[in-house]
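The values are calculated or read from the model by the stated rules, or taken from the named source; none is laboratory data. It should be emphasised that the depicted structure is a prediction, and the values quoted were computed from it without experimental measurement. All Cβ positions, even for glycine, are placed from backbone atoms using ideal geometry, and neighbour counts span all protein chains on display. Surface areas here come from the heavy atoms of the whole protein model, side chains and all, with no ligands, DNA or RNA. Shrake-Rupley method; radii C 1.70, N 1.55, O 1.52, S 1.80 Å.
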Amino acid sequence: MSLNLEQYVSEFSAQNINGEHLLQLDGSKLKALGMTSSQDRAIIKKKLKEMKASLEKARKAQEKMEKQREKLRKKEQEQLQRKSKKTDKSSSDATEGTHEQ
């Protein structure tokens, strides 16, 4: 509707075209849905291309954030392991000192 193509809403609804399906449409599928105007198809295809690019950009950003979180988790885990080893070493050094006396 924001593209001034309201005349196709009923057919898209009747065919259960949702956002996910919409992204899969190409020129021939749009034509099969009753979009006879090549100009209208071009408008939709251009918008779909923009949407796909936007989705891909968002997906890559999400992957990058997940990698950063994983890297941070590993770093924190390594620090905890180092602290644990230091604590264990301190405890064993103290125990050895009391045995020597």
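Among the residues of the range 16-30, those identified as in a helix (DSSP H, G or I) and surrounded by 14 or more Cβ atoms within 10 Å (Cβ to Cβ) are L22, K29, L30. Taking the criterion of being among the β-branched types (V, I, T) and open to solvent by less than 80 Å² (accessible area, probe 1.4 Å), the residues of the range 31-60 that qualify are I43, I44.
Residues that are hydroxyl-bearing (S, T, Y) and either within 13 Å of K47 (Cβ to Cβ) or open to solvent by 90 Å² or more (accessible area, probe 1.4 Å) (or both) within the range 1-15 comprise S2, Y8, listed in sequence order.
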